[in-house]
Amino acid sequence: AHPISFKALQHARSPLALRSPGQRQAALCRAASRTRCRVASPLSASRAFSGEMNAARWLSLLLAAPPTLGFYLPGVAPHEYLDGEAVEIKVNQLSSPRTHLPFDYYALPHCRPETLESKAENLGEVLHGSKIQNSPFALQMGKTAFRVLCRVELTAHDAAVFGARIAQDYRVQMIMDNLPAATRTLTEQPDGIALTTYERGYPLGFLGSPEFPGTFPSAPYVNNHLRLIIKYHQEPDLFQGSRIVGFEVEALSVAHRYEGEWRGVATKLATVPLSPDLPPQPVRAEHRCRRRQGGGSAAGGCEVIFTYEVTWEESPVRWASRWDLYLYMGDDQVHWISLVNSLAVVLLLTGVVAMIMARTLRRDLNRYNSLSDVADEREELLEESGWKLVHADVLRPPPRPLLLSVSVGTGVQLLCMSFISIACALLGFLSPANRGGLLTATLLLFVLMGVPAGYGASRTFKSLRGVEWRALTLLTATAYPAAIFVVFTPLHSRPWPPRPGLVLDLPTACPRRLLNLALWSHGSTGAVPAGTFVALLAMWFCVSLPLVFVGAFLGFKRPLPAPPTRTNEIPRQIPPQGWFLGRAVTMAVGGVLPFGAAA
């Protein structure tokens, strides 16, 4: 293409407003002084011009569309329920803040549906130990009900496991309309004001104490009656039907009784309507309960009758704000206190180190300024104190530059992953409604941050005069993930199932087993399946490893800046140090404060 001179272009553009599209194109071609210029016909130019106008018109219509027509993430869009429409309740794992071992909901003798179905889960949900399944709860929008689920006869093993899970403060996690269940609790403050907080799930049961009338001390009691309080929001001007904005559960323990024979869900209970005077439902083995001859009764404790009731409440909370309740839970307040404490410790340590460095530098500068004017004496004193004493050795490579470079590269990878994850969470891309999305995004970002990891490791290794670039790149890509996999991969191929009726504790029962084997031996849903292991290995070897090599190639290719000081060929001899300055002591003392700040 020939360049267009300014004068020719000005001459060609001067009468553009009076010309047709074809004439304008011909004038521009003549201004370019091209030997062969193809000029479109007036008809084709008019069609092109009309097409541009249509595109501009459609663009204006799209820009003028109301912002309420924006997109939603798949599976997160609001659902409007009509009156009488079925509302599904799904059950998730059993979790405990004491053991941190999730279990399957149906690992305990709960009521089961006719067909048990597991919901599809992403990578984050699998690693988190979630196991979402359907449940026998039958709800209809706006319809209050009281129903009997089933009757369960407890064996000795079932009673032992039930009692152990109750003693370990396990909670049942449920989901309705992608909203987890919450339990309301009232905590009395020192000033006499009752503070309302919420906790996810509902307690599996409780232990008897003098605070609960009619209970035996330390005896387990199961919460076999659920009061489901469902809050909905209606706006007839915007949508039809109702949107679920709240899901609360009140768990009660009731020793149900019935007259005559058991007729399944149609059995008429003598304990309905419920009253506060009813005794709680104990957890006892079948051989310890006393069964009546003839009729049925659950008062002896050998059988447990599970029931539930549904209550609907209209709420002014909009669908977009229904997750605000879960951001102010009682357990999260402790995390906020821990975060503030950690931040204060970090700021204090930073201030102390900065103060020490500032005083040291100020003292050295004052010493330099107060030296004698004699050149020889001044030079001799400068070389024996302060920065001049070590300036020729500070840039000397350490004994193991390879490990230091690998650590720097892994740190860069973790830093980039954390920064991008926090930024995406702040921008709203990682919504809590997308269950498991944060953990999945974190793993993917760690894998994709292989380029910064390789670049940082290679630059550090090159500045330390390292030459084993292949070993550096391979260790940067595999050292940290391999350590994580070693923790999760079992050492022994022989399984170790617990004996029937034996309830184990993870720290005491599995001191020589690794984490995943311990979780699998306990039957926990937190155990990572073999297919997930294969997927993680494929992510690391097929994605992370090549990206680390790309980053290392870019880092080694770029030249290093000139060093600020010269390094002596012979290292300066370090005088003998005391035992308190040894490597083991300094590592322990240096790691205690950061660990205390992060714990």
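The values are calculated or read from the model by the stated rules, or taken from the named source; none is laboratory data. Source: prediction; values computed, not measured. FYI the Cβ positions are ideal-geometry reconstructions off the backbone, even for glycines, and counts take in every protein chain you see.
Brief remarks follow.
- Considering the range 453-545, the qualifying helices (runs of 4 or more DSSP H), each wholly inside and each with 2 or more residues that are at pLDDT 85 or above, more than 22 Å from Ser95 (Cβ to Cβ) and more than 27 Å from the chain's Cα centre (by Cα), run over 469-488.
- Unique residue being within 30 Å of Glu80 (Cβ to Cβ) and touching a strand residue (DSSP E or B) at 6+ places or on another chain (Cβ under 9 Å) when the list is Gly142, Gly208, Gly163: Gly142
- The conditions of being touching a Phe, Trp or Tyr at 6+ places or on another chain (Cβ under 6 Å) and assigned by TED's automatic domain parsing to the domain that holds Cys302 are not met by Thr197.
- Annotation note: of Ala251, Ala194, the sole residue that is more than 30 Å from Glu114 (Cα to Cα) and aliphatic (A, V, I, L, M) is Ala194.
- Annotation note: of Glu121, Glu125, Glu153, the sole residue that is at pLDDT 85 or above and either within 22 Å of the chain's Cα centre (by Cα) or farther than 23 Å from Ser253 by Cβ (or both) is Glu125.
- Qualifying residue in the range 385-404 (condition: modelled with pLDDT of 90 or more, among the charged types (D, E, K, R) and part of a helix (DSSP H, G or I)): no
Residues checked against (1) surrounded by 16 or more Cβ atoms within 10 Å (Cβ to Cβ); (2) on the phi < 0 side of the Ramachandran plot; (3) part of a loop (DSSP other than H, G, I, E, B):
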site	(1), (2), (3)
Lys131	yes, yes, yes
Val172	yes, yes, no
Leu195	no, yes, no
Pro210	no, yes, yes
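- Scanning the range 535-587 for residues that are among the charged types (D, E, K, R) and farther than 26 Å from Ala477 by Cβ returns Arg566, Glu569, Arg572, Arg583.
- Condition broken by Arg165, with the remaining ones in (1) modelled with pLDDT of 90 or more; (2) surrounded by fewer than 19 Cβ atoms within 10 Å (Cβ to Cβ); (3) charged (D, E, K, R) satisfied: (2)
- Tabulated pairs, the range 408-427, first within 17 Å of Thr440 (Cβ to Cβ), second of a type in the set (Val, Ile, Thr) and in a helix (DSSP H, G or I), C-beta under 7 angstrom, 6+ apart or interchain: Met417/Thr442; Ser421/Thr442
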